[in-house]
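First the structure, in the form of structure tokens, and then the observations on it.
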Amino acid sequence: MKNLLLIFLFLGIFISSQTYHAKVVGVHDGDTVYVLDSLNVNHKIRIAGIDAPESNQDFGTQAKKFVSDQIFKKIVTIKVNTHDLYGREVSWLYYENKNLSEELLKNGFAWHYAKYDHQKYLQDLEDEARKNKIGLWSLPNPVPPSEFRKQK
């Protein structure tokens, strides 16, 4: 029984640290995309480290457009971090030597999701965008998506 548990633990670590290449075939919103891997398997990806505005929230449309402009129909590298409660792969997306999470933060289209990610440099990117009033930080009182979702 103990060996079986160790095998499942190992498989969980292996699966959650998977890296693969895929074509972006859809953009749901500023932090969720759909990709098609080399075996023609669809994956729903939740972009790691950030929380973008909801579609019907201030800057939600702009965040989605930014993601679409950056990666739609492109081949990206996906590094799976974990899976969320909705079955999405919470992943880092890389394209053209860029990290999509970093780009969203730098351009003011997302909050650093500090509840789940503790990388200081990502918080620094958000803080810099805030200081310079870039993107959603140009608003007087931007509402974090987590609070916006609670209001609905």
H28 paired with F72, simple spin-label distance in nm, labels 7 Å along Cα-to-beta-carbon: 1.7
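Taking 29 Å as the cut-off for C-alpha to C-alpha distance, list the pairs among K23/K150; K98/K152; K73/K152; K79/K120; K74/K150; K44/K106 that go past it.
Details: K23/K150 33 Å; K98/K152 34 Å; K73/K152 32 Å; K79/K120 19 Å; K74/K150 34 Å; K44/K106 24 Å.
Beyond 29 Å: K23/K150; K98/K152; K73/K152; K74/K150.
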Distance in nm between pseudo-label sites at D58 and D117 (7 Å out along the Cβ direction from Cα): 2.3
Given charges at Cβ of Lys, Arg, Asp, Glu: the stretch 33-143 dipole, positive-most of P140, N42, T82: N42
Which label in [x] 10, 33, 34, 20, 2; [y] 11, 39, 32, 13, 4, 0; [z] 10, 33, 28, 14, 9, 4, 0 gives the computed P(r) over Cα pairs in 10 Å bins from 0, in percent: [y]
Accessible area (Å², per residue) of the stretch 74-114, counting only protein heavy atoms and a probe of 1.4 Å: 47
Estimated dipole of the stretch 93-152 in Debye, rounded to 20 [Cβ of Lys and Arg +1, of Asp and Glu -1, Cα centre]: 320
Contour excess over end-to-end distance, with Cα ends at N40 and S138 and 0.36 nm allotted per residue: 31.2 nm
Å³ per residue enclosed by the Cα convex hull of the stretch 31-89: 97
Carbon + sulfur, % of accessible area of the chain - ligands and nucleic acids excluded, 1.4 Å: 57
Virtual spin-label span in nm between K98 and R130, 7 Å along Cα→Cβ: 2.3
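The values are calculated or read from the model by the stated rules, or taken from the named source; none is laboratory data. All values reported here derive from a predicted model rather than from experimental measurement. All Cβ positions, even for glycine, are placed from backbone atoms using ideal geometry, and neighbour counts span all protein chains on display. When the accessible area is computed, the model is the full protein with side chains, heavy atoms only, and any ligands, DNA or RNA have been set aside. Shrake-Rupley method; radii C 1.70, N 1.55, O 1.52, S 1.80 Å.
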